[in-house]
Amino acid sequence: MGLDSGTHTLGPGDGTLTVLTGKGGAAAKAGHNLVIEVTRWSAKVEVEEGISMALMADPRSLRVVDGSGGISPLGDEEKQGIKQTIDEEVLKGLPIRFRSSSVHAAGSRLDVQGELELMKVRHPIEFALNVGDDGRLTGSAMVKQTDWKMKPFSALFGTLKVADVVEVTIDALIPAVAPVGERHG
Amino acid sequence: MVELDHTFSTGKPTDYNWDAILDLDRIIPCVEGGKVIERESPSLAKAEIKVKMGAMSMTFRGTVEVVERDDDAHRAVLQVKSKDVGGQGYANADVAFTLSDGGGDIHTAAQINGKAASMGEGVVSSVLDALINDFTTKLAKI
């Protein structure tokens, strides 16, 4: 596993943090499956005797990069409209924070347990990540919105709904821990 | 053709409800996203409805006309003829109201074509059903 001892700090310059949403309801055909990128986030991976992880994401930094399905393609105006809806009606600018409570390493696999704060609600979450020999961190977590007391967004009089479970994926290259001399410039 | 039946309740006398459903300036805004553009006569209005589908929306513009009215039986038919603004589709409907004391029945016969219809008749029927249910809750407060 490509994780040196020390503190590794990651952000958008090191990879992508992405939210994938599905759709449901009688009029699901009218909606789009969305690929939403979190454009401002930071994560910290601390490797000492054990491993701990923390992540913060800016709730106003989500940007729709793709949408599939629907009765017509998503244009830039619609993508901007979704971002506005996320900002004003879904996440409302409230903090998104994760902190691990335990990280179990087995080969290249990390089984992570911790607590995610969304919409001022903290709820346990667990997921698996993979760290390649080259330091590439990949994996995904399934977030069931109602576990955080969120009401999945709906339209068309409730016949078109965002699926309750959204998938959050990370694909980033963990930067090497800077040598002591470099850390202090 | 999609045909749907609904009931509504206002708790108000039949005469009050009769005046309300025949007043296009009052009844058209009871449809979510609906508004009167121009009242051409007591029984005819230019109107539009904007249907929001999350980030996407479709606007239908056309006329709403009282094409049948039986004051004794308290039965009226409102005919909607509209076109999809910026598209090729249309949405037409005959909405028949039959009033009784405190509320009434609504029978809707709708024909929808174009982009909206591409979702399939089952989906159109579900959305229309939800739209009319929402309409009936607003009618209750008219």
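Taking 0.36 nm per intervening residue step and subtracting the Cα-Cα distance, what contour gain separates B:LYS81 from B:ASN133 on full extension? Provide the component values of the computation, followed by the final result.
On the way: separation 52, 0.36 × 52 = 18.72 nm, distance 2.04 nm.
Full-extension gain reported as 16.7 nm.
Calculate, in nm to one decimal, what A:ARG60 and A:THR138 gain on full extension: separation in residues at 0.36 nm each, minus their alpha carbon distance. Kindly include the intermediate steps, with their values, before the conclusion.
Details: separation 78, 0.36 × 78 = 28.08 nm, distance 2.35 nm.
So the extension gain works out to 25.7 nm.
Can you give the calculated 222 nm mean residue ellipticity of the protein assembly as shown, where each DSSP H run of n ≥ 4 adds -39,500 (n - 2.57) and the sum is split over every residue, rounded to the nearest 500 deg cm²/dmol?
Details: 5 runs with 46 residues, N = 327.
Here the helix-only value at 222 nm equals -4000 deg cm²/dmol.
Estimate the FRET efficiency between A:HIS123 and B:SER100 by the formula 1/(1 + (r/R0)^6), using the beta-carbon distance for r and 56 Å for R0, to the nearest 0.05. Could the numbers behind the result be given before it?
Details: r = 50 Å, r/R0 = 0.89.
My answer for the efficiency is 0.65.
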Cα centroid separation, the stretch A:1-77 to the stretch B:49-89 (Å): 41
Cut-off under 5 Å, modelled amide H: who pairs with A:LEU10 long-range: A:ALA43, A:LYS44, A:VAL45
Stretch gain in nm, segment A:GLN80-A:GLN113, where the contour uses 0.36 nm per residue and the Cα spacing is subtracted: 8.5 nm
Label-to-label distance, nm, for residues given as B:ASP19 and A:ALA105 (7 Å Cα→Cβ offset): 8.0
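Please compute the net charge surrounding A:HIS123, taking Lys and Arg as +1 and Asp and Glu as -1 over other residues with Cβ under 10 Å from its Cβ.
Details: positive: A:ARG122, A:LYS144, A:LYS149; negative: A:GLU115, A:GLU117, A:ASP147.
Counting the neighbours of A:HIS123, the net charge comes to 0.
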Förster-model FRET efficiency, 30 Å R0, B:ASP5 and B:GLU38, C-beta, rounded to 0.05: 0.45
Radius ratio Rg over Rh of chain A, counting only Cα atoms, Kirkwood formula for Rh: 1.01
Eligible lysines near B:LYS50 by straight Cα distance, threshold 20 Å, same-chain separation 8 or greater: A:LYS29, A:LYS79, A:LYS161, B:LYS35, B:LYS81, B:LYS83, B:LYS115, B:LYS138
Nearest 10 degrees, 0 to 90: helix B:121-139 Cα axis against chain B principal axis: 40
Stokes-Einstein D (µm²/s) once Rh is taken as the Kirkwood radius of the stretch B:2-139 over alpha-carbon pairs, at 10 °C in 1.306 mPa s: 104
Modelled FRET efficiency - R0 51 Å, B:GLN111 with A:GLU167, Cβ distances, 0.05 increments: 0.80
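Quick note: the coordinates plus some simple rules give every number you see, no bench work behind them. Source: prediction; values computed, not measured. Counting neighbours? That spans all protein chains shown, and the Cβs are built from the backbone with ideal geometry, glycine included.
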